[in-house]
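S.K.: Dropping a structure here in structure tokens format, bear with me for questions.
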Amino acid sequence: MSSFFYYFSSKIYATMTTAILHTTLKENFGFEKFRPNQEDIINCILSGQDTLAIMPTGGGKSICFQLPALLFPGITIVISPLIALMKDQVDSLKANGIEACFINSSQTEGERQFYIESLKSNIIKLVYVAPESLSFLDTLFNSLTVSLIAIDEAHCISAWGHDFRPAYTNLGYLKNRFPSTPILALTATADKVTRKDISAQLNLVNPQIFVASFDRKNLSLEVRPALDRVKQIIDFIKDKPNESGIIYCLSRKTTEELAEKLQKTGVNAKAYHAGLDGKIRSQTQDQFINDDCQVVCATIAFGMGIDKSNVRWVIHYNLPKNIEGYYQEIGRAGRDGLPSETVLFESYGDMIQLQKFASQGLNAEVQLAKLERMKQYADALSCRRKILLSYFGELVTENCGNCDICKNPPLFFDGTIIAQKALSAIIRLKESEPLPVIIDFLRGSKNAYIYEKEYQLLKTYAVGSDLSWFNWNQYLIQLINLGYCEIAFDQQNKIRLTAFAKKVLFDGEKVQLTNVQKFSSEKQEAKETKTKLTANSLFEILRKLRYEISKEEQVPAYVIFSDAALRQMETERPMSDQELLAIDGVGKAKLEKYGDAFIKAIIEFQKAKVVKKKKEGTTYQETLEMYNRGLSVEAIAEKRNLGLSTIMSHLAKLYLDGAPIDLSQFISNDEVQQIAAAKITLESPVALKPYFDYFEEKIDYGKIRLALAIIDKQGILI
Ligand code: ADP
Ligand code: ZN
């Protein structure tokens, strides 16, 4: 160990207890607890050891070098390939009151000189540098104390990785130049070959390797059949009017078409792909980061340079090429740790197209195998997270409870007859037709192709006309997955039987199939009410405040406070500095800068709530007074200029609160009984509409409300 570290470890490190790390974490970053592995990685670096940290996207890599940077006496150099990201990281650090800057080729010579001068003054703790811009610092290196070198996206150094950058290959010299400075290499790429390559090429000395779990529990996983994709997406977005999301598409054309369709329905959506003008691309990216564009329809070119922590959902419009890519893309959702949704649309057509690409591209065999794993994931009938994590080498025994399969376990039924019909259709068609033709044949379709081939004359034509196209499609895919038939990708995607088909056709083997759920709009409706209820919530008020401040300060909104911090403010309602400081994500600097504005907003919200309650109280009171004076319900409604059913609801509420009101004059016992019976049949719905519909609109809302009040209070049994 070098003299510097010897000095460092003996004088400071010995006293640098867990408590100091936690205080630094809270005061400077506002966080209460370390995420898994962060503390161990930091301790390792502080002891002067080279370190390789493998953490998933959103796992919290930045803290691993930002926190030690504050404790080290000298400067921390952060090498990052992503110029756009540097500015955001520096903004985030500054919002936390930490001095940082970046040096890259996007700056003018003057700007660079300015930062180089300030580096000399030793105020700056972290400098972000693009690998190709390291030479700008060369002359400085002799006079600077470099305490730590962090290499972000370290897989870029490896030709084995999926994002090789030539400029990274020169970074090996850093170890020679600064032999006593610890290097921290960070990546989200888990594969072992890349890992080894990183250590070797960076000349790391006995690096300690940390591999965090790739499980991102806050991301829900869902796969849906690609039926009416656009409509499904529109419904999905409608449900979350203010939430940012990314839709990944396979082709540039799809991104543009989809963005246009979404715009037509009023969604603030933009397209993004490598073919667009650079200016437009960076504008779209900025708007997305700054919450000025809600949805980006993008090819996989989008996302690498994005640190936005409040991406609330990610949709894959098309099947991704492999699980690594898919996992990285969904990983862009929910970095703040809040629940976030991911949906993948699976289509047979995509599969065929991807298969074609893969077989024609470089390294075809590997690409095809990776695609196959992706497909197995999409077709899975058991917990999806288990499959994903096993792909990354993690063994999980428990089901996750946050994927569509766990939430809606498939129900199997005896599908032997269906399977027999399908497999014999394949035989009748001489194993020479692709899936859509088989379905048309089974369903007795009268289209031109069938007639041209005279398939309508074959014996089993139309034996499956009782099932929908959707169902046949699902069942055939299941039969393929079960191994009874296969797609000949090299022969126009003809469906052929495998040796196992015989067992079903001739040896009496039973086949279990399941009905894949079509996405139901019911769930959607329930969610819509939820959104309406939250439109005026404290969260929305705080979100708007954050947006205004972000505009003034010209930084992304999530840099001010994360969604997670706002959610916590909503539930805990902090009204003093002390209370606000207890929120995760509020450190000293942010408390000073933004504390007053947020506390004020929370207090105002509370006050408004009290006034509203009082107002509601008086309106009931007025109705009660008139009622006590003997006025009829109609008269009260007229005098108060309110609807009859509103007055009824007042009376119901007053009655429930214990006022001596005789409701029997408004509703007969018979009607109460009917409504009580309906309540049981309808399984006690919260809304009144189901009752209204149940009685075919013959009993009005006022009466339903009264009856329910009576039932609630008296607990009528029928
Ligand atoms: P990565 O680089 O691994 O993708 P980041 O470093 O950008 O992840 O961190 C992702 C998000 O998690 C950021 O919004 C960050 O502020 C937040 N975060 C990091 N560490 C913690 C922590 N200990 N507690 C709460 N939030 C954290
Ligand atoms: Zn699961």
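S.K.: Of the numbered conditions (1) more than 16 Å from ligand 1 (Cβ to nearest atom); (2) surrounded by 23 or more Cβ atoms within 10 Å (Cβ to Cβ), D292 satisfies every one except a single condition; which is it?
M.R.: So the condition that D292 fails would be (2).
S.K.: Looking only at the stretch 73-113, which residues are among the small types (G, A, S) and closer than 22 Å to R332 by Cβ? Steps first, please.
M.R.: So in the stretch 73-113, the residues among the small types (G, A, S) come out as 74, 80, 84, 92, 95, 97, 100, 105-106, 110.
S80, A84, S92, A95 - these are the residues of the stretch 73-113 that are among the small types (G, A, S) and closer than 22 Å to R332 by Cβ.
S.K.: Inside the stretch 508-561, counting only helices (runs of 4 or more DSSP H) that do not spill past its ends, which hold 2 or more residues that are modelled with pLDDT of 90 or more?
M.R.: Values: elements: 521-534, 538-553, 557-560.
The helices (runs of 4 or more DSSP H) meeting that bar are 538-553, 557-560.
S.K.: Output yes when any residue across the stretch 408-415 is within 24 Å of the chain's Cα centre (by Cα) and open to solvent by 40 Å² or more (accessible area, probe 1.4 Å), and no when none is.
M.R.: yes
S.K.: Since A462 meets every condition but one in (1) surrounded by fewer than 20 Cβ atoms within 10 Å (Cβ to Cβ); (2) in a helix (DSSP H, G or I), which condition does it not meet?
M.R.: (2) is the only condition that A462 fails.
S.K.: Which number in (1) farther than 19 Å from T498 by Cβ; (2) surrounded by fewer than 18 Cβ atoms within 10 Å (Cβ to Cβ) marks the one condition that F441 misses?
M.R.: (2)
S.K.: Filter the stretch 562-580 down to the residues that are without any contact (Cβ under 8 Å) to a residue 40 or more places away in the chain and either out of contact with any Leu (no Cβ under 8 Å at 6 or more places or on another chain) or open to solvent by 40 Å² or more (accessible area, probe 1.4 Å) (or both) and list them by number.
M.R.: Within the stretch 562-580, the first condition is being without any contact (Cβ under 8 Å) to a residue 40 or more places away in the chain, and the residues that meet it are 566, 568-580.
Once the filter is applied, which keeps residues that are without any contact (Cβ under 8 Å) to a residue 40 or more places away in the chain and either out of contact with any Leu (no Cβ under 8 Å at 6 or more places or on another chain) or open to solvent by 40 Å² or more (accessible area, probe 1.4 Å) (or both), the stretch 562-580 yields Q568, T571, E572, R573, M575, S576, D577, Q578, E579.
S.K.: Turning to a different aspect of this structure: Can you name every one of the strands (runs of 3 or more DSSP E) wholly within the stretch 93-155 that holds 2 or more residues which are in the same structural domain as I45 (by TED's automatic domain parsing), among the β-branched types (V, I, T) and open to solvent by less than 80 Å² (accessible area, probe 1.4 Å)?
M.R.: Here the list reads 126-129, 146-151.
S.K.: Looking for something assigned by TED's automatic domain parsing to the domain that holds L250, in contact (Cβ under 8 Å) with a residue 60 or more places away in the chain, more than 23 Å from A301 (Cα to Cα) and out of contact with any strand residue (DSSP E or B) (no Cβ under 8 Å at 6 or more places or on another chain) - is there at least one such residue anywhere in the stretch 315-323?
M.R.: no
S.K.: Within the stretch 474-481, identify whether any single residue is assigned to a loop (DSSP other than H, G, I, E, B) and in contact with a Ser or Thr (Cβ under 9 Å, 6 or more places away or on another chain), and answer yes or no. If you could, list the steps in order and put the result at the bottom.
M.R.: So the first thing to find is which residues in the stretch 474-481 are assigned to a loop (DSSP other than H, G, I, E, B), and the list is none.
No, that holds for no residue.
S.K.: Determine if the stretch 634-648 includes at least one residue that is out of contact with any helix residue (DSSP H, G or I) (no Cβ under 6 Å at 6 or more places or on another chain) and touching a residue at least 24 places away in the same chain (Cβ under 8 Å).
M.R.: Here is the first cut: in the stretch 634-648, the ones out of contact with any helix residue (DSSP H, G or I) (no Cβ under 6 Å at 6 or more places or on another chain) are 634-635, 638-643, 646.
Those left that are additionally touching a residue at least 24 places away in the same chain (Cβ under 8 Å): none.
Within the stretch 634-648, none of the residues are out of contact with any helix residue (DSSP H, G or I) (no Cβ under 6 Å at 6 or more places or on another chain) and touching a residue at least 24 places away in the same chain (Cβ under 8 Å).
S.K.: While we're here: May I ask you to list the residues in the stretch 253-281 that are open to solvent by less than 60 Å² (accessible area, probe 1.4 Å) and either touching a strand residue (DSSP E or B) at 6+ places or on another chain (Cβ under 8 Å) or not in a loop (DSSP other than H, G, I, E, B) (or both)?
M.R.: Taking the stretch 253-281 and keeping what is open to solvent by less than 60 Å² (accessible area, probe 1.4 Å), we get 254-255, 258-259, 262, 267, 269, 271-276, 278.
Across the stretch 253-281, the qualifying residues are T254, T255, L258, A259, L262, V267, A269, A271, Y272, H273, G278.
S.K.: Further question on the same structure: For G643, indicate whether it is small (G, A, S), loosely packed, with under 14 Cβ neighbours inside 10 Å and within 30 Å of S537 (Cβ to Cβ). Walk me through it before giving the result.
M.R.: Numbers: small (G, A, S): yes; loosely packed, with under 14 Cβ neighbours inside 10 Å: yes; within 30 Å of S537 (Cβ to Cβ): yes.
Judged against the criteria, G643 is a match.
S.K.: For the list (1) more than 23 Å from E616 (Cα to Cα); (2) touching an Asp or Glu at 6+ places or on another chain (Cβ under 9 Å); (3) open to solvent by less than 20 Å² (accessible area, probe 1.4 Å), I need the number of the one condition that F692 fails.
M.R.: So F692 meets the others, but not (3).
S.K.: Restricting to the stretch 301-333, name every residue that is in a loop (DSSP other than H, G, I, E, B) and among the basic types (K, R).
M.R.: If we filter the stretch 301-333 for residues that are in a loop (DSSP other than H, G, I, E, B), which is where we start, we get 301-310, 317-322, 331-333.
Hits for the stretch 301-333 are K308, K321, R332.
S.K.: Give just the number: which of (1) assigned to a helix (DSSP H, G or I); (2) open to solvent by 30 Å² or more (accessible area, probe 1.4 Å); (3) touching a residue at least 24 places away in the same chain (Cβ under 8 Å) does S180 not satisfy?
M.R.: (1)
S.K.: Return only the number of the condition from (1) within 24 Å of K308 (Cα to Cα); (2) assigned to a helix (DSSP H, G or I); (3) open to solvent by 40 Å² or more (accessible area, probe 1.4 Å); (4) within 16 Å of ligand 2 (Cβ to nearest atom) that E341 does not satisfy.
M.R.: Among (1) within 24 Å of K308 (Cα to Cα); (2) assigned to a helix (DSSP H, G or I); (3) open to solvent by 40 Å² or more (accessible area, probe 1.4 Å); (4) within 16 Å of ligand 2 (Cβ to nearest atom), the lone unmet condition for E341 is (2).
S.K.: Which condition breaks for L25 when tested against (1) within 9 Å of ligand 1 (Cβ to nearest atom); (2) at pLDDT 95 or above; (3) within 25 Å of D138 (Cβ to Cβ)?
M.R.: (3)
S.K.: Residues that are within 16 Å of ligand 2 (Cβ to nearest atom), surrounded by 21 or more Cβ atoms within 10 Å (Cβ to Cβ) and not polar (S, T, N, Q): does the stretch 315-328 have at least one? Before the answer, list the steps.
M.R.: Quick first cut of the stretch 315-328, residues within 16 Å of ligand 2 (Cβ to nearest atom) only: 323, 326-327.
From the residues that got through so far, the ones that are surrounded by 21 or more Cβ atoms within 10 Å (Cβ to Cβ) too are 326-327.
Subsequent filtering for residues that are not polar (S, T, N, Q) retains 326-327.
Yes, the conditions are met somewhere in the stretch 315-328.
S.K.: What number of residues within the stretch 388-412 are in a helix (DSSP H, G or I) and near ligand 2 (Cβ under 9 Å from one of its atoms)? Talk me through it step by step, then tell me what you get.
M.R.: Of all residues in the stretch 388-412, those in a helix (DSSP H, G or I) come to 388-391, 404-407.
Pick out the ones that are also near ligand 2 (Cβ under 9 Å from one of its atoms) and you get 404-407.
Selection size over the stretch 388-412: 4.
S.K.: Further, regarding this structure: Under 7 Å between Cβ atoms, at least 6 apart or on separate chains: pull out the pairs that start in the stretch 403-424 with a residue that is more than 28 Å from G444 (Cβ to Cβ) and end on any residue that is away from ligand 1 (no atom under 16 Å from the Cβ) and in a helix (DSSP H, G or I).
M.R.: Correct list of pairs: C403/R384; C403/R385; I405/R384.
S.K.: Provide a single number: the residues in the stretch 376-387 that are part of a loop (DSSP other than H, G, I, E, B) and surrounded by 15 or more Cβ atoms within 10 Å (Cβ to Cβ).
M.R.: If we filter the stretch 376-387 for residues that are part of a loop (DSSP other than H, G, I, E, B), which is where we start, we get 380-383.
When the remaining residues are screened for being surrounded by 15 or more Cβ atoms within 10 Å (Cβ to Cβ), the result is 380, 383.
Summing the residues that are part of a loop (DSSP other than H, G, I, E, B) and surrounded by 15 or more Cβ atoms within 10 Å (Cβ to Cβ) in the stretch 376-387 gives 2.
S.K.: Taking N471 as the residue in question, decide whether it is surrounded by fewer than 20 Cβ atoms within 10 Å (Cβ to Cβ), in a helix (DSSP H, G or I) and within 38 Å of the chain's Cα centre (by Cα).
M.R.: Numbers: surrounded by fewer than 20 Cβ atoms within 10 Å (Cβ to Cβ): yes; in a helix (DSSP H, G or I): yes; within 38 Å of the chain's Cα centre (by Cα): yes.
Yes, satisfied.
The values are calculated or read from the model by the stated rules, or taken from the named source; none is laboratory data. Please read these numbers as outputs of a predicted model, since none were measured by experiment. Here Cβ is always computed from backbone atoms with ideal geometry, including for glycine, and neighbour counts include all displayed protein chains. Side chains are part of the model used for accessible areas, which takes the heavy atoms of the whole protein and leaves out ligands, DNA and RNA. Shrake-Rupley method; radii C 1.70, N 1.55, O 1.52, S 1.80 Å.
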